[in-house]
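Comments concern the structure below.
The values are calculated or read from the model by the stated rules, or taken from the named source; none is laboratory data. A quick note: this is a predicted structure, and the numbers were derived from the prediction, not measured. Here Cβ is always computed from backbone atoms with ideal geometry, including for glycine, and neighbour counts include all displayed protein chains.
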Amino acid sequence: MNIGIFGGCFNPIHIGHISLIKEVVPNFNLDKILFIPNMNPYYKNQSTVSFDLISNMINIELEKESVNYEISNLESDSDKNHTTFETIKSLIESGTDDHLFLILGSDQFLQLSSWSNSELLKKLIDFIVVSRDPQLINVEEFIIKNKDSYRLEKVSGRAHQIRTKEDKKLYFYNLENKFNISSSSIRKIISSGRVADAKKYLSPRVLDFILNERLYV
């Protein structure tokens, strides 16, 4: 199976996440999306929302979507600092025969060098990097500047297929639908009482769940 690894806090999951999935899954022939909610990312403050509540929001959001997905608990321990490298390494060492793709936003990819064991991570897995606001990537300029590390193999539609020096594939995908919104911004909108504004970024089902559980207030 082709599996897209989609990590993040998903606190809450919003229209940007879902729109991204709806584009990436068919364009890369992914059979499944593996959500990995990170309950204690070393680069952010620890979340006060539990793994179960995050998982519930993901399930509520996707219950009416035709997306094959699974939620992993690999980063559910809020007392442990989680890194993408260790998580991907654990998945690979589990003996899976699946073809794994790590899905990243362009903002995350541009900060990759600051991640723990980023050079080792690039040797483990193929990447799908989606260009999203506000940090878009000019692929041609990027390859020229990094010609010792990346080589363009082909362009197909909105995707550039690149071979890395680690002999892995890196795909740059230019999202057709881009949303300049973050989960942290949505939390601030809700905490300030602007529920009507939050409706622009959340499905009614997820927003109802948030309000019923009194999250972010």
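Values as computed for the structure displayed
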| item | result |
| --- | --- |
| Residues that are of a type outside the set (Asp, Glu) and surrounded by 15 or more Cβ atoms within 10 Å (Cβ to Cβ), drawn from segment 111-126 | 112, 115, 117, 121, 122, 124, 125 |
| Residue in segment 76-94 that is surrounded by fewer than 16 Cβ atoms within 10 Å (Cβ to Cβ), closer than 19 Å to residue 12 by Cα, free of Cβ contacts under 8 Å to residues at least 24 places away in the same chain and not hydrophobic (A, V, I, L, M, F, W, C) present | no |
| Every residue from segment 59-90 that is closer than 19 Å to residue 31 by Cα and out of contact with any helix residue (DSSP H, G or I) (no Cβ under 9 Å at 6 or more places or on another chain) | 59, 66, 70 |
| Odd one out for residue 149, checked against (1) closer than 19 Å to residue 38 by Cβ; (2) over 17 Å from the mean Cα position of the chain (by Cα); (3) polar (S, T, N, Q) | (1) |
| Helices (runs of 4 or more DSSP H) contained entirely in segment 98-172, each with at least 2 residues that are at pLDDT 95 or above and either under 23 Å from residue 30 (Cα atoms) or touching a His at 6+ places or on another chain (Cβ under 6 Å) (or both) | 118-124 |
| Residues of segment 155-213 that turn out to be surrounded by fewer than 17 Cβ atoms within 10 Å (Cβ to Cβ), more than 30 Å from residue 99 (Cβ to Cβ) and more than 19 Å from the chain's Cα centre (by Cα), as a count | 16 |
| Residue 116 being within 21 Å of residue 21 (Cα to Cα) and not aromatic (Phe, Trp, Tyr) | no |
| Of all residues in segment 9-54 being part of a strand (DSSP E or B) and at pLDDT 95 or above, the one that is surrounded by the fewest Cβ atoms within 10 Å (Cβ to Cβ) | 32 |
| Enumeration of residues in segment 180-217 that are touching a helix residue (DSSP H, G or I) at 6+ places or on another chain (Cβ under 9 Å), outside any loop (DSSP other than H, G, I, E, B) and not charged (D, E, K, R) | 183, 186, 189, 190, 195, 198, 206, 207, 209, 210, 211 |
| Inter-residue pairs, beta-carbon under 6 Å, first within 22 Å of residue 41 (Cα to Cα) and in segment 1-29, second of a type in the set (Asp, Glu), 6+ apart | 13/61 |
